[in-house]
Amino acid sequence: MSSSGKYILVADDEPKMRRVMEILLKQLGHTVFAAGDGREALALARANPLDLVITDLRMPELDGIGLLTALRAEGNEVPVIVITAHGTVESAVSAMKLGAADYLLRPFDLDALELAITRVLGAAGIRRENAFLREEVERGRGTFVGDGAAMRAVYELIGQVAPTRSTVLITGETGTGKELAARAIHDASPRRDKLFVPINCAAIPAEVLEAELFGHEKGAFTGAVRERVGKFELADGGTLFLDELTEMPVALQAKLLRVLQESTLERLGGNRSIPLDLRLVAATNRDPRQAVREGRLREDLYYRVNVFSIALPPLRQRKEDIPALVAHFIAKHGPAGQLPRVDAAALEVLSGYDWPGNVRELQNMVERALVLARGGPLRAEHFPMEAAPAGAPPGEPGPPPLGRMNEVVEALEARMIDEALAQTEGNKARAAALLDISERTLWYKLKKYRPKDKY
Ligand SMILES: Nc1ncnc2c1ncn2[C@@H]1O[C@H](COP(=O)(O)OP(=O)(O)OP(=O)(O)O)[C@@H](O)[C@H]1O
Ligand SMILES: [Mg+2]
């Protein structure tokens, strides 16, 4: 969707800023309406069909938040970008909670402005185009592809739990669509107009995770030069998605539990208690009960998040969905215009495979096949799957290799690690899960086998 030639309203009480914005926006090919305060802006918005409003937050008469609230109260859903200065990011956050599409930090340049506009108008366009999909979304299907019985049961569960405030635990192997399910729950819930805030507990260093979640007051610790709103607060009224929950340090799990039980939080270095209206969705690709036994997941937290659980079936248990998924990924990654077909022999190869990396692996395979087929039909030879699928019980095919046992075993280990990292695009947490070893063990083995790489 092109984002030039739009009708954009700029509201700012400083004539100089208004002028600069007008020049920048005209340079980008838009038609500009300028208002000196919220009241003028509202009058202009009533009289003109607008694609976008960019408003300063602090203005006389009616401020940016007031303008946003008034527009929404009148049923005007025009996307709004708010402009804010450093130190007042919190008001931008409240604007986002009220439905602003994005915010710009002053000072900004032409690139930042263009990026924000493209992002917001692109999203608005997609939202409009997808309006007819809303019914599907409300029934819990979200953006999932696949209509087999196993996935229909999942959509039904999502549809049932979405309208409630219940905490949800999503389990499933890597690449089965856990994050997709979390978004589907949010999108089908009454919270859909507030933020969906994902945070991956495995990707963020343990020492940083707490501040990310809780936020901090100015001076809470060395380096905390500004106050900072954490993910908990950002997700207030919306949905917090804690991905890879079992990778969260156990001490932090206790603090998370307290927030969930008390529906309030204190920022680091603060003593105010801030009320929270939070919906938590958590995910893990480990067996949560085993994680409890191993001491990675606090039992009390497990019971708190496992109020409602959804298990995503691995792809090998729902091979009936493979053709629809392949068609979807061809449409998503294929060339514009005539889409390549996939022949019957190829579909047979795809159904004969075990898919340890599940839908993500299938997506990667289709992307690769599209390149190999160069616009022609996708055939079996474009899907060079391993002869022995990785999910087969080990030790079955043929006699084991003989030789110096340590060397043979180490060589196999190194290859397994390489393969796991390739399938997870280098994500060590997921690679470790795929191999069913701890991240620490993986790290140790990487140092052993690839001592020159940096980790
Ligand atoms: N049923 C589906 N239909 C369409 N796309 C899907 C489906 N399931 C998964 N995908 C796609 O596969 C990829 C992996 O899905 P997602 O990130 O939700 O998996 P995950 O379970 O969170 O994996 P991980 O445990 O590795 O984080 C994404 O690109 C997602 O869009
Ligand atoms: Mg995920």
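Computed from the coordinates by the stated procedures, all read-outs in this text should not be read as laboratory data. Since this is a predicted model, take the numbers as computed values, not measurements. So basically every Cβ, Gly included, is an ideal-geometry build from the backbone, and we count neighbours across all protein chains shown.
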TODO: Starting from the amide H of Phe308, placed 1.01 Å from N in the peptide plane, find each other amide H under 5 Å away whose residue is 5 or more places distant or on another chain.
DONE: Leu169
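What do you get for chymotrypsin sites (Phe, Trp or Tyr not before Pro) in the range 187-255 restricted to DSSP loop and a cutoff of at most 11 other Cβ within 10 Å of the site's Cβ?
On the way: sites: Phe196, Phe214, Phe221, Phe232, Phe241; in loops: Phe221.
Filter output for the range 187-255: Phe221.
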- [ ] Filter the trypsin sites (Lys or Arg not before Pro) in the range 166-275 down to the DSSP loop ones having no more than 14 other Cβ atoms within 10 Å, then list what survives.
- [x] Lys218, Arg226, Arg272
Task: For the range 193-215 versus the range 291-370, the gap between their alpha-carbon centres in whole angstrom - done: 26 Å
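Calculate the FRET efficiency for Leu115 and Thr264 from the Cβ-Cβ distance with a Förster distance of 30 Å, rounded to the nearest 0.05. Write down the numbers at each step before the final one.
Values: r = 36 Å, r/R0 = 1.20.
In this case the efficiency is close to 0.25.
Calculated from DSSP H runs of 4 or more alone, at -39500 (n - 2.57) each and per residue, what is the 222 nm mean residue ellipticity of the chain, nearest 500?
Numbers: 19 runs with 204 residues, N = 455.
After summing the helix terms and dividing by the residues of the chain, the value is -13500 deg cm²/dmol.
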TODO: Provide the FRET efficiency to the nearest 0.05 for the Gln290-Thr143 pair, computing r from the beta carbons and using R0 = 35 Å.
DONE: 0.70
TODO: Would you tally the net charge around Gly66, using a Cβ to Cβ cut-off of less than 14 Å, leaving Gly66 out, and scoring K and R as +1, D and E as -1?
DONE: -4
Open item on the list: Test of understanding: what is the full-extension gain from Thr31 to Val408, defined as 0.36 nm times their sequence separation minus their Cα-Cα distance?
Closed with: 128.8 nm
Open item on the list: With equal scatterers on the alpha carbons only and no solvent term, can you work out the Debye log10 of I(q)/I(0) for the chain at 0.08, 0.14 1/Å?
Closed with: -0.60, -1.40
- [ ] Work through the residues other than Leu115 whose Cβ is under 14 Å from its Cβ and net out their charges, Lys, Arg +1 and Asp, Glu -1.
- [x] -3
Open item on the list: I need the phi-derived Karplus couplings for the range 270-281: 6.51 cos²θ - 1.76 cosθ + 1.60, θ = phi - 60°, integer Hz, Gly and Pro marked x.
Closed with: x, 10, 6, 9, 9, x, 10, 10, 10, 10, 9, 10
Open item on the list: Between the range 159-175 and the range 270-284, how far is it from one alpha carbon centroid to the other, in angstrom?
Closed with: 17 Å
Task: Loop sites in the range 253-297: GluC sites (Glu not before Pro), DSSP, at most 12 other Cβ within 10 Å - done: Glu294
